[in-house]
Structures are given as structure tokens and as C-alpha cells.
1. What residues qualify as long-range amide H neighbours of Ile220, i.e. H under 5 Å apart, gap of 5 or more or another chain, H built at 1.01 Å from N?
2. Residues with amide H under 5 Å of Glu144's amide H, sequence separation 5 or more or different chain, H placed in the peptide plane at 1.01 Å from N; which?
3. For the stretch 199-296, state the semi-axes of the equivalent ellipsoid (square roots of 5 times the eigenvalues of the alpha-carbon gyration tensor), sorted largest first and rounded to whole angstrom.
4. Compute the long axis of helix 66-91 from its Cα atoms, compare it with the longest principal axis of the Cα atoms of the chain, and write down the angle in degrees, 0 to 90, nearest 10.
5. Whose amide H sits under 5 Å from the amide H of Ile127, counting only residues 5 or more places off or on another chain, with H placed in the peptide plane?
6. Gap in Å between the Cα centre of the stretch 31-69 and the Cα centre of the stretch 194-208?
7. Just Ser105, Ser176, Ser26 to compare: in a GNM of the chain, with alpha carbon springs under 10 Å, which one fluctuates most?
8. Using helices alone, what [θ] at 222 nm do you get for the chain, with -39,500 (n - 2.57) per DSSP H run of 4 or more residues, divided over all residues and rounded to the nearest 500?
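A short reminder: the numbers here are calculations on the coordinates, not readings from a lab. These figures come from a predicted structure and were not determined experimentally. As a convention, Cβ positions derive from the backbone with ideal geometry for all residues, glycine included, and neighbour counts pool all protein chains shown.
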Amino acid sequence: MDHALMSFDWNRGRAFLATAEHGSLSAAARALGMTQPTLGRQVAGLEEELGVLLFDRVGKALILTEAGRKLLDHFRRMGAAAERISLAASGQATSVEGQVSISASDVTAAYLLPQVLSQLHRAAPGITIEVVASNALSDLRRREADIAIRHVRPAQADLTARLLFRTPAHFYAARSYAAEHGLPRTIADFAHARIIGYGDPARMLPQLASFRLPLTPRNIVHWSESGIVGWEMVRQGLGLGVMSQTLGARTADVVPVLPDQVPEITFPTWLVAHRELHSNRRIRLVFDFLAEHLPR
């Protein structure tokens, strides 16, 4: 047993950890980018190496045995150590060629990043970029992305963050909406406005409280979790929607609504990377380029 623990294959340990955390071989295989039979052989090989049964097979379900539960915490610590080693090794890379992944909201990824990436390609043609378009926060410590563009300050101590700027946001309306419904002329007119929501209206209305507008759930006629979809609905004249001044000013046929009367809100843009990755020459180049060229 002691010899087995000293010499087992970590790839098999990683397969066990993923299976335990995802609850099935199929889900673990998808997470690791492997085939299910290969993953199953690795878990079975680990059981043979350690001489213990890690899972009970109950139909198609896998249930951790008592031995599996006892070993799980140890494997989690080993997994965390492996991630730290990978991050440290990445941080020592000196090449300015290769891939860098950037996580950003769908609106930033679709409307603002492509222009910056075009400039980056001319400056550093050896770097390829994967854009992770997601409105959820990517976990940089688990390498879901190398760099993140966020609108909230990261709380983790092992992340490096730079506040780039604060962007004002306004309500905007398409000219077609104005022609059909008319635009609010006073704050009170918002009581009759059609509003496009970003996310569940029950969550959005409290976020709009700082505008001090007479809005109720009945005002929100359409909504989407996707910022791209929400903004397209605004562009098509379905309702008024909040958008950054950066994008609003770049979009044809939309106009700000009472920008001098509706209280302005601002949101920050943070550029974030793992501290270890921040010392990587390739990632540092992309990080600094984004800091300089992202549209204000």
C-alpha cells in the first residue's frame, strides 16, 4: 500500500478526482476532454494500483466507497498542488508566441474586443487568442482563462487586478422606438416606457434603483440573460435599454434618453490575471496591450 501511494500515476489520480467531483464517468470525461472508456480504464487502474475499491457501481451511478471518501481530500490537495505547479511553470515561459485565453462578458467579447484583437495581431502575429464569452466570472486559478475583463473587483488575494477606467452608462432607445412610442421627456414619463431587461427583472429592478425612476415589473416587456440579445432588442426598437456610453456612442440609430436628467451610473472595468501567469511574457504582453487599447 505504501509503495503504491509513492508511485501511482497522477493522470489516474486526476481521473478519480474528476469522477468524484462530477458524479459520473461521462461528465468527468467531458470535463477532461477524454473519452469515457479511457477515463474508466484510468480509474480502474488507480484502484488496482492502490489496492482499494474507490467507487461502488450502482446501475449507471458511481458512489464513493468509504475508502474513496477518505482519499478524496488528499487527491483534492494534490490537484490544487498540480494547478500551482502548472501556473508556476507557465509563469516562467519566455516565448511571445502561443495561445492566450481572455474571458469577457458577451457584450465586450462581441462588440469591443475584436477591434483590439485586430490591433494585437498586427503587433504580435505569433499570439493566438481564445475568447471565452461568458457573463459568469471565469475561475482564473483553475485556468478557465489566462486574463479576465471584469466589471467587479476580484476578491482573491492571488489574482493581480488593474482598474482600467470607469464607464458611464445611460438609457438608450432606437429611433424606430422613438417614432412609434415617443421618448420620455421627463423622469415621470418612464412610468409608461417599455424597458428591455438584462437578466431576471426581479434582479434587475433593484439594480436600477440608483436611477430613481418610476419603474415596476410591468415596464420590462422583454429580457434576456444575454447582453448581446438585450442590446439587439433595443436596436430593433422593442424598448429602452441601459448600455455603456462606449457602446451606445458606437451604435447607429440609437440615442441616449434624458442623459441630463436620469442619474448617471458608472461601472468599473478591471483587467485580471493570476499572479503567476502575470509574469509570463506572452500573457503580460496581452495584458498590457488590453490595458492600453480597450475602448474607454
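1. Hits under the 5 Å cutoff: Ile195.
2. Hits under the 5 Å cutoff: Asp139.
3. The answer is 32, 16, 14 Å, longest axis first.
4. Around 60 degrees separate the two axes.
5. The list, which skips near neighbours in sequence, is Gly98.
6. Using only Cα atoms, the two centres lie 45 Å from each other.
7. For the chain, modelled as a Gaussian network with Cα springs under 10 Å, the answer is Ser26.
8. About -12500 deg cm²/dmol.
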